[in-house]
Amino acid sequence: MKTYNCIIVDDEPTAREILVSHIEKIDTIHIIGVCKNAIEAFAILNKNTIDLIFLDINMPEITGLSFAKTIRKDVKVIFTTAYREYAVDGFDLQAVDYLLKPISMNRLIQAIHKFIGESVMSTDSDSSVLKKEASDFFFIRSDRKMIRINFMDVLYIESLQDYIKIYTEKQVFVTRETISNIEARLPKRDFLRVHRSFIIAISKIESFTNEYIEINRHSITISRSYRKHVLHRLENI
């Protein structure tokens, strides 16, 4: 099984600890060093072969964005930050992915899948290791706390600009998040984007037509831009 060397660069101790805890559970990724600033990271890069850097954007003195511009192109970067507004700058630097703190295990695994796919052709063994670590839940921030939501409980998700509503059979959760970010955290086999403002749980569909999907007595519009893909997916389940 091929393994990849990584370093973590973040000035926040708690953020470093969370990433270390997650990454240590994934056999394909080996942590070479944990750094609190870009200067420490420079030293490790000069002495070791590094494949991937988990890089915080908002750091004192040398920011993650500035540091990323100095990194060799064969070293991939996954940005980590608490500030959503940096995402565009991060992707402009051709980062593999952009993770919003607090980083869940499931979201991290999705980013690592992207990294493996972009770096080399992913092997069956690589995929199986990552799949074994995949969670069946995710966390959102709501009411000043982190709330666990099981994938199987979700009916559908609605976007309201910078907020989303997550509908379950028992409760509706509201969190400050974009629908694109939450879509990246969901398993594609179980969820389907049907509109720029809606994601549905495939297993919760009660009926559908060419124009709408019915879930829990709610009609959700299939937008014209998503219709061909949605109908093809649903008709071939």
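The values are calculated or read from the model by the stated rules, or taken from the named source; none is laboratory data. Computed from a prediction, not measured in an experiment: that's the story for all the values here. In this analysis, Cβ positions are derived from the backbone assuming ideal geometry, glycine residues included, and neighbour counts consider all displayed protein chains. What goes into the accessible areas is simple: the full protein's heavy atoms, side chains included, and nothing from ligands, DNA or RNA. Shrake-Rupley method; radii C 1.70, N 1.55, O 1.52, S 1.80 Å.
Out of THR178, ILE57, VAL20, whose Cα points farthest toward the positive end of the dipole of the chain (charges: +1 Lys, Arg; -1 Asp, Glu; placed on Cβ)? With unit charges placed on the Cβ atoms, the residue in question is THR178.
Could you list, in their original order, any pairs among LYS145/LYS204; LYS47/LYS76; LYS36/LYS101; LYS47/LYS73; LYS36/LYS73; LYS2/LYS76 whose Cα atoms are separated by more than 19 Å? Don't jump to the answer; show the numbers that get you there.
On the way: LYS145/LYS204 27 Å; LYS47/LYS76 17 Å; LYS36/LYS101 16 Å; LYS47/LYS73 17 Å; LYS36/LYS73 22 Å; LYS2/LYS76 16 Å.
Long pairs (Cα-Cα over 19 Å): LYS145/LYS204; LYS36/LYS73.
Here the chain exposes an accessible surface that is 48 percent carbon and sulfur, computed with a 1.4 Å probe and the other protein chains kept in place. Taking the chain as a Gaussian network of alpha-carbon nodes connected by springs under 10 Å, the highest mean-square fluctuation of the residues ASN181, ASN46, ASN216 belongs to ASN46. Rounding to the nearest 10 and keeping the result within 0 to 90°, find how far the Cα-based axis of helix 38-47 lies from the longest principal axis of the chain. Helix 38-47 sits roughly 70 degrees off the main axis of the chain.
Could you give the longest part of the chain that holds none of the GluC sites (Glu not before Pro) found in DSSP loops with at most 11 neighbouring Cβ atoms within 10 Å? In short, 62-168. Approximating the spin labels as points 7 Å out from Cα along Cα→Cβ, the THR3-to-GLU183 distance works out to 3.7 nm.
For the chain, what is the accessible area per residue in Å² when the probe is 1.4 Å?
Numbers: 13140 Å² over 237 residues.
Each residue of the chain exposes 55 Å² on average to a 1.4 Å probe.
Compute the separation of the alpha-carbon centres of region 173-237 and region 43-57 and state it in Å as a whole number. Here the answer is 39 Å between Cα centres.
Axis of helix 105-119 versus longest Cα principal axis of the chain: the two differ by about 70°, to the nearest ten degrees. Values (1) 8, 33, 36, 19, 4, 0; (2) 7, 26, 32, 20, 10, 5, 1, 0, 0; (3) 7, 30, 32, 22, 9, 1, 0 are given for comparison; P(r) over Cα pairs in 10 Å bins from 0, in percent, derived from the coordinates here, is the one labelled (3). Computed from Cα atoms, the angle from the helix 224-235 axis to the main principal axis of the chain rounds to 80 degrees.
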